[in-house]
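What follows is a short report on a single structure.
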Amino acid sequence: MSNAFWHGFADMHAISTQGPLVISKGEGSWVWDANGKKYFDAAGALWYMNVGHGRHQIADAMADQARRIASYSSFGEAVTDTTIELANTVASLAPNPDSKVFFTLGGSDAIDTAIKISRRYWAMRNQPKKQAIIFRNNGYHGMNVGGTSIAGIGPNNENYGDFITNVAQVSWDDADDVIATMDRIGEDNIAAMFCEPVMGAGGVRIAPDTYLHAVRKACSERNILFVADEVITGFGRCGDWFASNRFGLEPDMMTVAKGLTSGYSPMGAVIAAPSVWNEFYREGAGVFRHGFTYGGHAVSAAAGLANIKIMADEKLPQHVAELEGKFASALRTLEDLPNVAEVRTGVGFLGGIQMTDPASAPAMYARCRDAGVISRAIWGGALQVAPALSTTSDEIDQMVALFRAGLS
């Protein structure tokens, strides 16, 4: 089917030849294509369909907000009441009491915002040399200029030239390497470290708890801001409102998106602890010359409020925590297949089915799709598993059976 749409992360020649997969309807953990075929949505669209498809409460809240006032600029002193309400709600869930919330358009914008905040923060504290950004190999932090510059997935920053300089890559699971790199660069030159509590697009990689605690401690001891990238892990996916809560990280900043609205409307945010935002709120701090036309968009804020209410009313973070063991054990049964090298899982509703032949992942994705389960080939030759948080125990079994049919 010929059309004018240019897909992201796609081989457009192949899609132009074979045609797109046109999704026309969704309900809970399931979607249907334009031909009426039903699929289990194991990808959660793109890690974000936390409350599931077809939630009329969110659609109604968005429509009601649009009828009253769709949005208004949040530059300067203006803001809508709905935006304030969402900011207060998100702050109340954050690991650090009395946090502040800077809204963006999505995760990539949140990353760029956090980079700018971290560098400006140190300049305002008369330490302008603290500019270096530490990031991990296999990490993914969006595809804006900042996120591309700290891409731990090699192909994601190839052939674009230099964007943000003064960045340094460290091991994703070796805390000693992180500490050695920090000491080599010098704490007087480092602004922040960006860290996914559980890696998503980089292959669903779960570092040892000792790693997260060690690098967090190293940042505190060296006056380096610790930024937890919770764009994927936030809002219930790891069995708590945030993975930072689960792992006791108390980050200086968190970047969030995806589960903030469960994808019903684009929105992201930077959640800043008092240790960071106080510098920007003090008398004489002046104007922080950064923001987005649609930052804090009222319709998106209405979606976020309705989304979080569903999560709270249905206790979805607790539901994930209760089914985490079942989710992991069911997925790991696939390790008996010759095509599967291992299954990386164990934290919330997150899994990576590693192919024995990493190059086969795109073909295995297609076979699973034909069998009735939509996943995604991710870095390192794995298949992504991140279904709706409302997925039931029975649906986990159905999902695994569909994967088995495709991978067999």
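Every number in this text was worked out from the coordinates using simple rules, so none of it is lab data. Predicted, not measured: the structure shown is a model, and the values here were computed from it. So basically every Cβ, Gly included, is an ideal-geometry build from the backbone, and we count neighbours across all protein chains shown.
Some observations on this one:
- Filtered residue count, the stretch 22-66, keeping only those that are of a type in the set (A, V, I, L, M) and surrounded by 15 or more Cβ atoms within 10 Å (Cβ to Cβ): 11
- Only residues that are closer than 17 Å to A388 by Cα and in a loop (DSSP other than H, G, I, E, B) were counted across the stretch 294-336, and they come to 2.
To keep it simple, each residue is scored yes or no on (1) under 27 Å from M143 (Cα atoms); (2) touching a Cys at 6+ places or on another chain (Cβ under 6 Å); (3) assigned to a helix (DSSP H, G or I); (4) hydrophobic (A, V, I, L, M, F, W, C).
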| position | (1), (2), (3), (4) |
| --- | --- |
| G203 | yes, no, no, no |
| A207 | yes, no, no, yes |
| F226 | yes, yes, no, yes |
| W241 | yes, no, no, yes |
| V276 | yes, no, yes, yes |
| F292 | yes, no, no, yes |
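- Being touching a Phe, Trp or Tyr at 6+ places or on another chain (Cβ under 8 Å), assigned to a loop (DSSP other than H, G, I, E, B) and hydrophobic (A, V, I, L, M, F, W, C) holds for only one residue in A78, A59, A70, A87, and it is A78.
- Checking S220 against (1) polar (S, T, N, Q); (2) over 20 Å from D252 (Cα atoms); (3) assigned to a helix (DSSP H, G or I), the condition it does not meet: (2)
- Residues of the stretch 312-330 classified as surrounded by fewer than 23 Cβ atoms within 10 Å (Cβ to Cβ) and either touching a residue at least 40 places away in the same chain (Cβ under 8 Å) or under 21 Å from the mean Cα position of the chain (by Cα) (or both), total: 11
- Within the stretch 205-221, the set of residues being closer than 12 Å to W172 by Cα, over 19 Å from the mean Cα position of the chain (by Cα) and buried (at least 22 other Cβ atoms within 10 Å of the Cβ) comprises just one member, V215.
- Among the residues making up the stretch 10-20, those that are surrounded by 10 or more Cβ atoms within 10 Å (Cβ to Cβ) and either assigned to a helix (DSSP H, G or I) or not aliphatic (A, V, I, L, M) (or both) are D11, M12, A14, I15, S16, Q18, G19, P20.
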